[in-house]
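Right, one structure below, let's go through it.
Each value in this text was obtained by applying a stated rule to the coordinates, not by laboratory testing. Keep in mind that this is a model prediction, so the values were computed, not measured. Neighbour counts are summed over all protein chains in view; Cβ atoms, including those assigned to glycine, are modelled from backbone coordinates with ideal geometry.
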Amino acid sequence: MKLTDDDLVALGANHKKQVIFEAETLAALVAFMLWPWKFSGERCHLFVDYEGTKFSLISGTSENETVAELVEKFTSFELEQHCIPLGVESSPV
């Protein structure tokens, strides 16, 4: 999926060089939203590439406002789907 210019601006690209933190966190949220039947009532283990995303999803917040909003939505969706989180880890290389 390619992000549009509007998507990039929403992630903060208008005032940052890179939005990898925001984009990686968005990817986790989108996965849960696209395939809720895969996660509903299941034990879930999420692998992410970006350490900041990992720590934000584990802690449930971030100092980055955009990521904090995405994490809040992720957590709400996780609770709605009755997902049983087993952990968030870095992707194996």
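Between the listed residues PHE32, PHE77, PHE21, the Cα displaced farthest toward the positive end of the dipole of the chain, a dipole computed from Cβ unit charges relative to the Cα centre, is found at PHE32. Taken over the C-alpha atoms, the chain has Rg and Dmax values of 13.1, 39 angstrom. Against the longest principal axis of the chain, how steep is helix 20-34, in degrees 0 to 90 to the nearest 10, with axes from Cα atoms? Result, in degrees: 40. Here the chain is scanned for GluC sites (Glu not before Pro) in DSSP loops (not H, G, I, E, B) that have at most 16 other Cβ atoms within 10 Å, and the longest stretch holding none of them is 1-41.
With an 8 Å cut-off on Cα pairs and a minimum separation of 6 or more residues, tell me the relative contact order of the chain in percent.
Numbers: 103 pairs, mean separation 32.6, N = 93.
Value for the chain: 35 percent.
A simple charge model with +1 on the Cβ of Lys and Arg, -1 on the Cβ of Asp and Glu and nothing else charged puts the dipole of the chain at about 220 debye relative to its Cα centre. Relative to the dominant Cα principal axis of the chain, helix 65-80 is inclined by about 20°.
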